[in-house]
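*Asks:* Can you read through this structure? Questions will come right after.
The values are calculated or read from the model by the stated rules, or taken from the named source; none is laboratory data. Treat the numbers as computed from the prediction; the structure is a model and nothing was measured. Counting neighbours? That spans all protein chains shown, and the Cβs are built from the backbone with ideal geometry, glycine included.
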Amino acid sequence: MASHTILLIDDDESTLQMMSLIFLREGLRVLTATHPEEALGHLERNAAAVVISDQRLPGMTGADFLSVVRERWPDTVRILLTALSDAATTMAAINDGHVYRYLVKPSDPAELRAVVRDSVRFYELQRENRRLYELSASQAVALRQLNEGLERKVAERTADIEDRNHELENNLLDLIRLLASVQEMRQAGQAGHALRMAQAARWVARALDLGPSEQYDIEVAATLHDLGKVSLPDRVLHKETYSLAREDEALVRQSPLVGEAVLATIPRLRQAARIVRHQSEWFNGQGYPDGLSGATIPIGSRIIAVINAYEREGDGPGLLQGEGRRFDPAVVREFLKYVVEQREAIQGTELRLMLPQLREGMVLTRDLYTERGLLLATSGKAIDQQTLDKIRNFHRVDPIKDCVFARA
């Protein structure tokens with residue numbers, strides 16, 4: 001990280017000094033500014049990997065300033081510092097400035113360091129992808145200009161382009177894996193969720209006879225559908241939605257827009273970004289963020305909505321009850337076929353266990369209930385240590401009523 005520059009803008013000198021000290025210890029070159037014009041001057045003279053701006057600046061908002069940065073230096077990763085009460089301005093930053101992250105003030109120094117490390121890695125990946133994309137494009141132009149008689153050279157250049165495109169695709173896949181890892185690291189108990197979402201979405205997309213390109217976009221969107229939640233504070237991320245305060249619920253509703261903003265910075269993932277944006281739309285038009293309905297909702301968004309609801313609730317009848325209201329009936333029908341197929345596939349490997357035999361890493365093949373009917377875990381859930389501790393603790397006061405069914 002030593003070769004990268006970070007720009008901090010805040011009208012409070014003490015805040016700038018504190019943040020500068022944090023990032024200097026990280027080996028970064030730090031530039032500071034107390035006014036937007038001073039900050040723009042720095043950017044004109046220096047290539048900055050990351051810009052961190054306070055929302056309240058003299059003469060303009062941080063959201064407006066980051067929008068200018070996006071237009072003039074699109075590769076620079078943009079981070080907004082905002083007060084918890086500034087939900088509306090945060091929305092403006094997401095929509096207009098395409099911020100990579102926003103942090104609520106005052107920010108924890110450890111969190112600041114972690115966010116900047118991730119931002120620098122994202123900046124490097126963007127630049128490398130752009131370099132490879134431009135290289136491939138320039139080679140394609142060169143190939144079109146070659147004479148038909150130069151067949152050997154055409155073949156050589158074509159092979160070179162294929163290698164470059166393969167490298168570019170691998171780089172993009174590495175980026176997707178990185179983002180998926182970050183997404184799951186921020187959400188305890190979600191191990192394997194992104195993989196299950198991707199597998200189910202790919203199956204349903206094929207069953208609906210969608211084209212290969214659309215299948216790819218849907219699989220990527222299913223893998224990274226929770227990416228926007230990475231920006232949520234811990235107090236929001238680890239709490240049930242029904243128990244959130246109004247301002248925290250607003251942050252959750254904005255998370256698909258954050259995910260869209262991150263993915264849309266990569267040209268190849270713009271369709272996947274659109275799918276992520278509309279994953280919370282309802283088939284009857286009562287969802288968010290845009291109140292789309294029916295076929296106006298991207299088919300990938302309709303697929304993700306069904307699979308994600310099943311992942312959270314593990315309830316096939318619940319999907320049927322939501323047909324035509326919350327969910328696309330055609331998607332529900334195909335997904336339930338997938339559920340049946342998966343259950344039939346694991347029947348031969350199902351183990352009947354006593355609770356002490358249940359181990360971390362096993363996958364439940366049936367829902368797990370206590371004697372009083374409390375659902376502890378749903379079928380298909382990979383058992384991590386947190387889930388195992390929860391099951392054992394509940395068993396002491398409300399015993400598991402049957403054997404546990406799982407596969408290794």
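*Asks:* For the list (1) part of a helix (DSSP H, G or I); (2) more than 22 Å from Val116 (Cβ to Cβ); (3) modelled with pLDDT under 65, I need the number of the one condition that Glu184 fails.
*Replies:* Here Glu184 clears every test but (2).
*Asks:* Within the range 301-321, can you find the residues that are more than 22 Å from Val252 (Cα to Cα) and not aliphatic (A, V, I, L, M)?
*Replies:* If we filter the range 301-321 for residues that are more than 22 Å from Val252 (Cα to Cα), which is where we start, we get 315-321.
If the condition is that a residue be more than 22 Å from Val252 (Cα to Cα) and not aliphatic (A, V, I, L, M), then Asp315, Gly316, Pro317, Gly318, Gln321 are the ones that fit.
*Asks:* Let me ask you something else. Would you pick out the residues in the range 22-74 that are in a loop (DSSP other than H, G, I, E, B), surrounded by 14 or more Cβ atoms within 10 Å (Cβ to Cβ) and among the charged types (D, E, K, R)?
*Replies:* Once the filter is applied, which keeps residues that are in a loop (DSSP other than H, G, I, E, B), surrounded by 14 or more Cβ atoms within 10 Å (Cβ to Cβ) and among the charged types (D, E, K, R), the range 22-74 yields only Glu26.
*Asks:* Can you find a residue in the range 262-269 that is outside any helix (DSSP H, G or I) and among the aliphatic types (A, V, I, L, M)?
*Replies:* Pass one, the range 262-269, residues outside any helix (DSSP H, G or I): 265-266.
Those left that are additionally among the aliphatic types (A, V, I, L, M): 266.
Taking every residue of the range 262-269 in turn, at least one turns out to be outside any helix (DSSP H, G or I) and among the aliphatic types (A, V, I, L, M).
*Asks:* Would you confirm whether any residue within the range 278-300 is surrounded by 16 or more Cβ atoms within 10 Å (Cβ to Cβ), in contact with a Pro (Cβ under 6 Å, 6 or more places away or on another chain) and either among the hydrophobic types (A, V, I, L, M, F, W, C) or farther than 19 Å from Ser255 by Cβ (or both)?
*Replies:* No: zero hits.
*Asks:* Given (1) touching a strand residue (DSSP E or B) at 6+ places or on another chain (Cβ under 7 Å); (2) closer than 23 Å to Thr76 by Cα, where does Leu269 come up short, assuming only one miss?
*Replies:* Result: Leu269 fails condition (1) only.
*Asks:* Looking at Ser107 and the list (1) among the polar types (S, T, N, Q); (2) at pLDDT 65 or above; (3) in a helix (DSSP H, G or I), which single condition is not satisfied?
*Replies:* Checking Ser107 against (1) among the polar types (S, T, N, Q); (2) at pLDDT 65 or above; (3) in a helix (DSSP H, G or I), the one that fails is (3).
*Asks:* OK, next. Select, from Thr223, Thr241, the only residue that is surrounded by 15 or more Cβ atoms within 10 Å (Cβ to Cβ) and modelled with pLDDT under 90.
*Replies:* Step by step, each of Thr223, Thr241 is checked, and only Thr223 is surrounded by 15 or more Cβ atoms within 10 Å (Cβ to Cβ) and modelled with pLDDT under 90.
*Asks:* Which condition from (1) part of a helix (DSSP H, G or I); (2) in contact with a strand residue (DSSP E or B) (Cβ under 8 Å, 6 or more places away or on another chain); (3) more than 18 Å from Asp367 (Cβ to Cβ) is the one that Phe283 breaks?
*Replies:* Here Phe283 meets the rest and fails (1).
*Asks:* Shifting gears a bit: With the range 308-408 as the region, which strands (runs of 3 or more DSSP E) entirely inside it contain at least 1 residues that are within 23 Å of Leu195 (Cα to Cα) and under 28 Å from the mean Cα position of the chain (by Cα)? Break it down into steps so the answer makes sense when it comes.
*Replies:* On the way: elements: 351-353, 375-377, 404-407.
So the answer is 375-377.
*Asks:* Among the residues of the range 21-61, count how many are within 22 Å of Trp73 (Cα to Cα), of a type outside the set (Lys, Arg) and touching a strand residue (DSSP E or B) at 6+ places or on another chain (Cβ under 7 Å).
*Replies:* To start, the set of residues in the range 21-61 that are within 22 Å of Trp73 (Cα to Cα) comprises 23, 28-61.
Those left that are additionally of a type outside the set (Lys, Arg): 23, 28, 30-44, 46-55, 57-61.
With the extra rule that they be touching a strand residue (DSSP E or B) at 6+ places or on another chain (Cβ under 7 Å), the set shrinks to 23, 28, 30-33, 36, 39, 42-43, 46-55, 57.
Selection size over the range 21-61: 21.
*Asks:* The conditions are (1) of a type outside the set (Phe, Trp, Tyr); (2) crowded, with 23+ Cβ neighbours inside 10 Å; (3) at pLDDT 80 or above, and Arg113 fails exactly one of them. Which is it?
*Replies:* (2)
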